[in-house]
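Below is one structure, written out as structure tokens; the observations come after it.
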Amino acid sequence: MGRIPTSIWTLTVGVLVTVIAVWVGNHVSLFPEQASLQAPLVDDFFKLMLMIATALFLLVAGTVIFFAIQFRQRPGDEGDGVPLEGDFALEAYWTMIPAVIVIVLGVYSVQVFAEMGGFAVGGAGGNHLLVGHHHHHPAGTSQLVSHEMANPASESKAKYGFGGSGEPDVTVTVTGMQYAWIFNYPEGITSGELHIPVNKNIQLNIKSADVIHSFWVPQFRLKQDAIPGQNTELRFTATKVGEYPVICAELCGGYHGAMRTRVYVHTQEDYEKWLAENLIAQRPDMSQMVAVKTSQ
Ligand SMILES: [Cu+2]
């Protein structure tokens with residue numbers, strides 16, 4: 001072992017650590033399935049972090065183990081160790097390398113944030129669309145009444161969240177309250193579950209009726225706070241038909257753990273069917289609401 005130069009050893013260890021780190025990054029999957037266009041952006045970023053973390057772990061743990069064995073106390077050795085103090089080159093390296101890693105991750109994360117629409121909040125005016133939508137419906141009055149009751153704050157643009165520049169295909173108002181999520185559709189439907197079509201540009205206008213909640217769908221890799229008095233926005237495209245959990249990710253009270261529902265990603269056809277079925281099912285309630293309103 002003594003005959004092999006240190007540089008060869010360093011190179012070998014470096015190559016080995018890199019190969020293992022890259023393999024771990026590409027083969028170890030800690031996340032649930034990807035079900036949105038945004039998911040791969042988050043996962044690629046996590047993959048890079050996992051590679052760096054694996055390499056650092058191997059280097060640190062490897063060095064500790066190697067030194068413990070190589071420089072262990074030999075029989076009959078009762079002396080002190082060599083008096084070492086400070087090493088400028090070494091300290092410069094172990095300051096510079098983490099600094100570079102942090103800067104690279106920082107720049108990359110901002111890029112992912114931008115690609116997901118983090119800098120384009122309120123850009124498309126999805127909230128305005130909600131208001132303008134009534135004109136397309138012949139049953140204008142009933143739509144308007146039920147709608148404004150459901151969305152009192154629908155005109156205010158979101159300041160926070162993930163937006164987009166194009167017009168959304170489907171806009172849903174999401175209300176977080178202790179301890180449930182309520183979904184209001186422009187068509188006048190109110191649901192306890194989120195139903196959306198696959199491969200469409202979805203905009204959620206998120207608000208809270210009481211305390212701070214957080215709308216989270218792990219399979220979409222998306223999470224957005226519901227803040228009382230301040231609407232937020234979430235723009236995404238679901239890519240896989242299926243059923244995924246919606247979880248409140250902000251401790252909001254005693255039953256926070258039970259604040260869960262589902263998001264159903266349908267084909268366009270099934271989504272339209274669901275819309276039609278629920279329009280019919282909810283119509284009696286809607287005309288009742290109108291009747292009450294007019295009789296006052
Ligand atoms: Cu909650």
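List the chymotrypsin sites (Phe, Trp or Tyr not before Pro) within the range 197-265 that DSSP assigns to loop and that have no more than 14 neighbouring Cβ atoms inside 10 Å.
The qualifying sites are 255.
Please give the length that would be gained between residue 182 and residue 95 if that part of the chain were fully extended, namely 0.36 nm times their separation in residues minus their C-alpha to C-alpha distance (nm, one decimal).
26.4 nm
Taking R0 as 25 Å, what FRET efficiency do you get between residue 200 and residue 223 from their Cβ-Cβ distance, rounded to the nearest 0.05?
Given R0 = 25 Å and the Cβ-Cβ separation, E is 0.75.
Quick one: which residues, 5+ away or cross-chain, put their amide H under 5 Å from the amide H of residue 262? H built at 1.01 Å from N.
Counting only residues 5 or more places away or on other chains, the set is 194, 246.
Between residue 102 and residue 66, what length comes free when the chain is fully extended (0.36 nm per residue of separation minus the Cα-Cα distance, one decimal in nm)?
10.2 nm
Ignoring ligands, DNA and RNA, what percent of the accessible area of the range 168-231 is carbon or sulfur (1.4 Å)?
After summing per-atom areas, the C and S share lands at 48 percent.
Label-point separation (nm) for residue 78 and residue 262, each offset 7 Å from Cα along Cα-to-Cβ?
Each label point is offset 7 Å from its Cα along the Cβ direction, giving 7.6 nm.
To the nearest 0.05, what FRET efficiency results for residue 114 and residue 193 with a Förster distance of 22 Å applied to their C-beta separation?
E(calc), rounded to 0.05, equals 0.10.
Under 18 Å from the Cα of residue 200, which lysines turn up, not counting those fewer than eight places away in the same chain?
240, 273
With every protein chain kept in place and ligands, DNA and RNA left out, what is the accessible area per residue of the range 1-121? Probe 1.4 Å, answer in Å².
77
Output the pairs from 47/223; 47/159; 159/223 with a Cα-Cα distance over 21 Å in this structure; if there are none, say none.
Checking Cα-Cα distances, 47/159 exceed 21 Å.
Filter the chymotrypsin sites (Phe, Trp or Tyr not before Pro) in the range 75-125 to those in DSSP coil with at most 15 other Cβ atoms within 10 Å of their Cβ, and list the result.
Qualifying residues, ordered by number: 119.
The values are calculated or read from the model by the stated rules, or taken from the named source; none is laboratory data. Source: prediction; values computed, not measured. Cβ sites come from the backbone with ideal geometry, for glycine too, and all protein chains shown count toward neighbours. Note: areas computed on protein heavy atoms with side chains; ligands, DNA, RNA excluded. Shrake-Rupley method; radii C 1.70, N 1.55, O 1.52, S 1.80 Å.
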